[in-house]
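Worksheet: one structure, shown below.
The values are calculated or read from the model by the stated rules, or taken from the named source; none is laboratory data. These numbers come from a predicted model, not from an experiment. Cβ sites come from the backbone with ideal geometry, for glycine too, and all protein chains shown count toward neighbours.
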Amino acid sequence: MKTSERIINEAAQGILGYDDAVDWFSALEPVGQRAVLHEVVRYSMQAHATTEDAQQGVTQSGVKPTMTPAVLIVRDPILEQMGRILNLPPREYVNSFRVLLSTFTVADTRRRETECRGSCSHMWHNL
């Protein structure tokens with residue numbers, strides 16, 4: 001069985017389909033979903049996600065830009081907004097995951113193409 005770390009990173013790199021990652025997340029209990037949301041936020045912080053990444057992420061997420069997680073993620077300061085997303089009720093978890101995963105994907109892709117190009121030692125970039 002794959003770990004959440006592997007699933008999130010494989011989805012961010014296009015190894016695992018986005019919808020497959022959402023299906024996996026949706027099958028988790030709310031307490032597990034909340035833990036995964038925290039994990040995606042942590043990875044996004046490590047990838048130095050920006051509001052520009054978030055804007056592109058919302059577009060790619062399939063979540064309406066008027067939904068609460070989409071509205072929050074595109075505002076500065078992004079880390080504060082991610083904290084607000086983590087505090088949304090369980091009914092918002094799937095949309096939150098979609099928005100956070102897409103934002104992480106954009107930020108991580110940017111980072112792999114700039115800082116990690118050709119000399120990356122990050123285990124998760126070498127899947």
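Here are the numbers for the structure shown:
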{"quantity": "Odd one out for Phe25, checked against (1) aromatic (Phe, Trp, Tyr); (2) surrounded by fewer than 22 Cβ atoms within 10 Å (Cβ to Cβ); (3) at pLDDT 95 or above", "calculated": "(2)"}
{"quantity": "Residue list for the stretch 93-105, filter: buried (at least 24 other Cβ atoms within 10 Å of the Cβ) and farther than 13 Å from Asp20 by Cα", "calculated": "Ser96, Val99, Leu100, Ser102, Thr103, Phe104, Thr105"}
{"quantity": "Selection from the stretch 13-58 of residues that are closer than 12 Å to Phe97 by Cα, of a type in the set (A, V, I, L, M, F, W, C) and in contact (Cβ under 8 Å) with a residue 40 or more places away in the chain", "calculated": "Ala21, Val22, Phe25, Val36, Leu37, Val40, Val41, Val58"}
{"quantity": "Among residues of the stretch 1-20, those that are part of a helix (DSSP H, G or I) and either in contact with a Leu (Cβ under 8 Å, 6 or more places away or on another chain) or within 15 Å of Gln60 (Cβ to Cβ) (or both), counted", "calculated": "9"}
{"quantity": "Counted residues, the stretch 2-57 - those being more than 11 Å from the chain's Cα centre (by Cα) and either small (Gly, Ala, Ser) or on the phi > 0 side of the Ramachandran plot (or both)", "calculated": "8"}
{"quantity": "Selection count, the stretch 41-99, where residues are closer than 18 Å to Val31 by Cα and assigned to a loop (DSSP other than H, G, I, E, B)", "calculated": "3"}
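The rows are residues; the columns are (1) under 24 Å from Gln33 (Cα atoms); (2) in contact with an Asp or Glu (Cβ under 7 Å, 6 or more places away or on another chain); (3) at pLDDT below 95.
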{"residue": "Ala70", "(1), (2), (3)": "yes, no, no"}
{"residue": "Arg75", "(1), (2), (3)": "yes, no, no"}
{"residue": "Ile78", "(1), (2), (3)": "yes, no, no"}
{"residue": "Arg91", "(1), (2), (3)": "yes, no, no"}
{"residue": "Phe104", "(1), (2), (3)": "yes, no, no"}
{"residue": "Thr109", "(1), (2), (3)": "yes, no, yes"}
{"residue": "Gly118", "(1), (2), (3)": "no, no, yes"}
